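Student: Shown below is the structure under consideration.
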Amino acid sequence: MRILLVEDDELLADGIVTSLSLGGFKVDAVYTGEHALHALGCEEFDLCILDVGLPGISGFDVLQKLRASNNMIPVLMLTARDQVQDKVEGLDKGADDYLLKPFDVEELKARIRALGRRSHGERQPELSFANIRIIESAHQIFRDGEEIKLSPKEYTLIHELAIHKKKVLSKDKLTELIYGWSEEVDSNAIEVHIHHLRKKLGTGVIETVRGVGYKVS
Amino acid sequence: MLNITSIKRFLLIAVISLISLVWAVSSTIIFHESQEQVEELFDAELAQLSRMLQAVITTNIKLSTNSAPQPLTYLDKQIFDEAFGHQEYNERGHKYEKKLAFQVWNTQGQLFFENHIQLPKSFGDLKAGFHTVATNNLKWRSFTLKDEDYGFWIKVAQREDVRTELTNQIAWNTTWPSLAIVPVLVLILGWVIQKGLSPLRIISVELKGRDYNNLSELNESDYPNELKHMVVELNSLFQRVNESHQRERRFTADAAHELRTPLSISKVHLQNIQQVSKNTQVIDFVSKALIGINRLIHMVQQLLILSRLDAQQDESKTTLNLNTLCNEVMLEMNQNPGLAKHEIRLSAALSIELTVNETSLRILLRNLLDNACRYANKHTVIEVSLNESKILILNQCPTLDDEQLSLLFERFRRGATSNQHSSGSGLGLSICQQICQLSGFKLNLKNRQDGIEGICSEVLLN
């Protein structure tokens with residue numbers, strides 16, 4: 001899942017990026033509302049974590065502009081304001097969830113997973129396809145009930161394919177989802193990961209759609 | 001210096017005392033003056049009467065063929081016998097006639113004219129002028145006149161008690177109207193003083209009727225000039241207190257707010273270390289640092305709640321079910337690993353409806369339960385009992401003396417038996433008390449009375 005974090009405090013942003021990366025999410029961080037609008041306009045993200053108290057354009061304004069431009073990306077507001085009216089204002093302006101600082105990273109991750117599921121029309125906390133079952137909260141993957149150990153990148157890749165079940169994801173899209181902006185990527189990195197995954201999960205699990213990308217069904 | 005506890009009472013007592021004193025002195029003077037004047041008038045009448053008698057007797061002597069005058073007859077008997085009843089006088093005479101006596105003596109000491117009233121009859125002690133004669137328990141005021149031409153004596157007398165009665169009556173009639181006016185004056189003065197002091201009463205009612213945090217200004221134009229200065233000063237004081245309150249509240253709220261981001265930073269990075277580190281010692285240190293951070297977060301949250309309660313924000317009230325709310329709070333408590341070590345048992349009457357501010361009541365219940373758990377002996381039961389009039393939360397812990405109990409409400413004071421790892425901010429009970437004050441509840445903390453060692457937190461809802 002590719003996440004855009006908009007947080008003006010670089011130290012906090014850095015901590016959240018690290019934490020979410022450790023949780024298998026691909027996170028890109030920007031520090032102002034302007035940069036957030038630019039990034040969201042140019043690239044595709046699965047979720048946006050938006051701080052309310054941004055310098056310049058506030059989090060609420062970013063959200064309003066985003067919704068006005070018909071961008072329906074799930075938005076999780078992050079704020080130091082805990083008053084009911086602040087929450088109501090955020091949710092009314094189109095936020096999907098609201099998390100108060102200081103938060104527990106596990107709660108943040110759980111909320112991100114829940115928003116991810118909801119945005120794909122899922123309600124179950126588990127993803128399943130063919131003979132594969134993924135427990136998102138524990139980062140566990142089972143084949144026929146037997147747990148399979150995957151590297152973080154492999155988990156992210158199969159998780160992305162699973163939440164976009166029956167949809168073809170291009171190699172570029174997958175690269176973006178898994179590596180974001182910051183990392184240097186080999187041109188055949190995705191193929192290598194797919195190869196490893198097929199070895200661990202079985203050859204029929206991930207289908208190759210020639211000239212387009214990969215999918216699971 | 002005179003200590004005035006009530007201006008109204010002071011003014012009333014002072015003015016009435018002064019009026020009474022002035023009235024008493026002037027009435028006494030008037031009374032005595034009137035008495036004196038009436039006495040003089042009576043004396044003058046006596047003298048006049050004696051001269052009339054002298055004139056009548058002299059004429060009688062001149063007309064008489066005999067050289068010695070003959071005794072005269074005074075026809076007063078039937079008048080004396082007549083009953084005047086309640087009347088003082090009628091067309092035939094006045095009942096006081098018998099109080100007026102006269103005697104005429106000739107030169108030989110022979111009484112030849114009198115009106116048969118028991119005025120002492122003694123020729124020997126006749127002396128010209130005014131005298132007071134006492135006889136048969138009666139006192140007479142007499143005037144004696146000697147006719148120099150014919151040598152006879154005329155003695156005219158009035159009974160002293162009648163004179164005194166009349167004198168007093170006349171003097172009293174002069175005095176009583178001023179006495180009668182005193183109560184009327186007191187009533188009018190009372191009204192005037194009350195009316196004059198009414199702005200003071202209005203200002204005190206206005207101030208007394210205020211909520212403890214109402215620092216709005218008084219309308220200066222509503223008060224007379226004498227009070228305007230005070231009202232202006234009061235308003236200025238209100239303004240200063242208000243500003244200082246707001247500054248204090250803003251500071252607490254801002255500080256609590258601004259602490260949230262650095263706390264988030266520390267917490268996120270510590271949790272990251274916890275996740276990536278393979279070193280158990282590092283994980284242990286980080287866990288302890290996280291406990292500290294969580295405690296700090298709790299305190300910041302409590303400070304924010306307190307500053308909001310001080311500012312009395314969010315006053316909206318809703319009708320809610322106390323049982324449901326209590327169950328929700330208990331569930332939250334059970335999810336808190338630090339506090340879940342105790343079993344919380346609820347016993348409640350069916351469906352208790354309350355119209356309150358939900359957020360406040362939730363915080364109140366949470367803080368009281370949190371406190372009960374924090375200070376309870378290990379593996380004991382916390383009992384919660386609800387009914388229409390009160391909420392009782394009982395735990396099992398060492399009892400406290402009265403002084404310790406009263407100190408529990410002080411801000412930043414933590415109980416001595418608080419568990420080191422889960423100790424609170426020292427603000428919880430202060431918040432509870434503030435909520436109770438704002439919601440019209442009463443919070444009592446006391447030792448349990450049911451024979452079990454522990455503390456009973458009691459919230460009286462009415």
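The values are calculated or read from the model by the stated rules, or taken from the named source; none is laboratory data. Just so we're clear, the structure is a prediction, and the values are computed from it rather than from any experiment. Cβ atoms come from the backbone with ideal geometry, glycine included; neighbour counts cover every protein chain shown.
Student: Identify, by number, the condition in (1) touching a residue at least 24 places away in the same chain (Cβ under 8 Å); (2) outside any strand (DSSP E or B) that A:Thr175 doesn't meet.
Tutor: Every condition holds for A:Thr175 apart from (1).
Student: Which of the residues belonging to the range B:259-290 are among the hydrophobic types (A, V, I, L, M, F, W, C), facing chain A (nearest Cβ under 8 Å) and either buried (at least 16 other Cβ atoms within 10 Å of the Cβ) or within 27 Å of B:Leu303 (Cβ to Cβ) (or both)? Spell out the reasoning first.
Tutor: Our first condition is that a residue be among the hydrophobic types (A, V, I, L, M, F, W, C); within the range B:259-290, this holds for B:259, B:263, B:265, B:268, B:270, B:273, B:276, B:282-283, B:285-286, B:289-290.
If we keep only those that are facing chain A (nearest Cβ under 8 Å) as well, we get B:263, B:265, B:268, B:276.
Across the range B:259-290, the qualifying residues are B:Leu263, B:Ile265, B:Val268.
Student: Another one. Among the candidates B:Gln281, B:Gln274, B:Gln239, which residue alone is under 27 Å from A:Asp51 (Cα atoms) and polar (S, T, N, Q)?
Tutor: Values: B:Gln281 fails: under 27 Å from A:Asp51 (Cα atoms); B:Gln239 fails: under 27 Å from A:Asp51 (Cα atoms).
The match here is B:Gln274.
Student: It is to be established whether one or more residues within the range B:229-246 are surrounded by 12 or more Cβ atoms within 10 Å (Cβ to Cβ), part of a helix (DSSP H, G or I), modelled with pLDDT under 85 and within 11 Å of chain A (Cβ to nearest Cβ).
Tutor: The answer is no; no qualifying residue exists.
Student: With the checklist (1) more than 10 Å from chain B (Cβ to nearest Cβ); (2) at pLDDT below 90 in hand, flag the one item A:Ala80 doesn't pass.
Tutor: (1)
Student: Scan the range A:87-105 for residues that are outside any loop (DSSP other than H, G, I, E, B) and under 21 Å from the mean Cα position of the chain (by Cα) and jot them down.
Tutor: Initially, the range A:87-105 is screened for residues outside any loop (DSSP other than H, G, I, E, B), giving A:87-92, A:97-100, A:105.
Answer for the range A:87-105, where residues must be outside any loop (DSSP other than H, G, I, E, B) and under 21 Å from the mean Cα position of the chain (by Cα): A:Gly90, A:Leu91, A:Asp97, A:Tyr98, A:Leu99, A:Leu100, A:Val105.
Student: If we keep just the residues of the range A:46-70 that are away from every other protein chain (no Cβ under 14 Å) and part of a loop (DSSP other than H, G, I, E, B), which is nearest to A:Glu176 (Cα to Cα)? Give the derivation first.
Tutor: Kept after step one, since they are away from every other protein chain (no Cβ under 14 Å), are these residues of the range A:46-70: A:46-48, A:50, A:56-58, A:60-70.
If we keep only those that are part of a loop (DSSP other than H, G, I, E, B) too, we end up with A:46, A:56-58, A:69-70.
Details: A:Asp46: 11, A:Gly56: 28, A:Ile57: 27, A:Ser58: 27, A:Ser69: 23, A:Asn70: 22 Å.
Among those residues, the one meeting the criterion is A:Asp46.
Student: When only residues in the range A:1-22 that are part of a loop (DSSP other than H, G, I, E, B) and crowded, with 23+ Cβ neighbours inside 10 Å count, which is farthest from the other protein chains (Cβ to nearest Cβ)? Show your work before the answer.
Tutor: Of the residues in the range A:1-22, the ones part of a loop (DSSP other than H, G, I, E, B) are A:1, A:7-9.
With crowded, with 23+ Cβ neighbours inside 10 Å added as a condition, the list becomes A:1, A:7.
Working: A:Met1: 18, A:Glu7: 9 Å.
If we take residues in the range A:1-22 being part of a loop (DSSP other than H, G, I, E, B) and crowded, with 23+ Cβ neighbours inside 10 Å, then A:Met1 is farthest from the other protein chains (Cβ to nearest Cβ).
Student: Here's something else I'd like to know. Given the condition over 20 Å from A:His120 (Cβ atoms) and at the interface with chain B (Cβ under 10 Å from one of its Cβ atoms), answer yes or no: does some residue in the range A:29-45 qualify?
Tutor: If we filter the range A:29-45 for residues that are over 20 Å from A:His120 (Cβ atoms), which is where we start, we get A:29-39, A:41-42.
Next, only the ones that are at the interface with chain B (Cβ under 10 Å from one of its Cβ atoms) stay: none.
For the range A:29-45, residues over 20 Å from A:His120 (Cβ atoms) and at the interface with chain B (Cβ under 10 Å from one of its Cβ atoms): absent.
Student: Keeping to the range A:83-97, report how many residues are away from every other protein chain (no Cβ under 14 Å) and without any contact (Cβ under 8 Å) to a residue 40 or more places away in the chain.
Tutor: Residues that pass the stated criteria total 8.
Student: Select from the range A:74-102 the residues that are surrounded by fewer than 19 Cβ atoms within 10 Å (Cβ to Cβ), farther than 19 Å from A:Asp9 by Cα and aliphatic (A, V, I, L, M) and list them in ascending order.
Tutor: A:Val84, A:Val88, A:Leu91
Student: Can you tell me which of (1) free of Cβ contacts under 8 Å to residues at least 40 places away in the same chain; (2) in contact with a strand residue (DSSP E or B) (Cβ under 9 Å, 6 or more places away or on another chain) is the one B:Arg260 doesn't meet?
Tutor: For B:Arg260, the failing item is (1).
Student: While we're looking at this one, here's another question. Test B:Ala83 against the stated conditions and say whether it is within 30 Å of B:Thr164 (Cβ to Cβ), at pLDDT 85 or above, surrounded by fewer than 14 Cβ atoms within 10 Å (Cβ to Cβ) and of a type outside the set (Lys, Arg).
Tutor: Details: within 30 Å of B:Thr164 (Cβ to Cβ): yes; at pLDDT 85 or above: no; surrounded by fewer than 14 Cβ atoms within 10 Å (Cβ to Cβ): yes; of a type outside the set (Lys, Arg): yes.
When the stated conditions are applied, B:Ala83 does not pass them.
Student: Check whether at least one residue in the range A:121-139 is within 14 Å of another protein chain (Cβ to nearest Cβ) and on the phi > 0 side of the Ramachandran plot, and report yes or no.
Tutor: If we filter the range A:121-139 for residues that are within 14 Å of another protein chain (Cβ to nearest Cβ), which is where we start, we get A:138-139.
Now restrict to residues that are on the phi > 0 side of the Ramachandran plot: A:139.
Yes.
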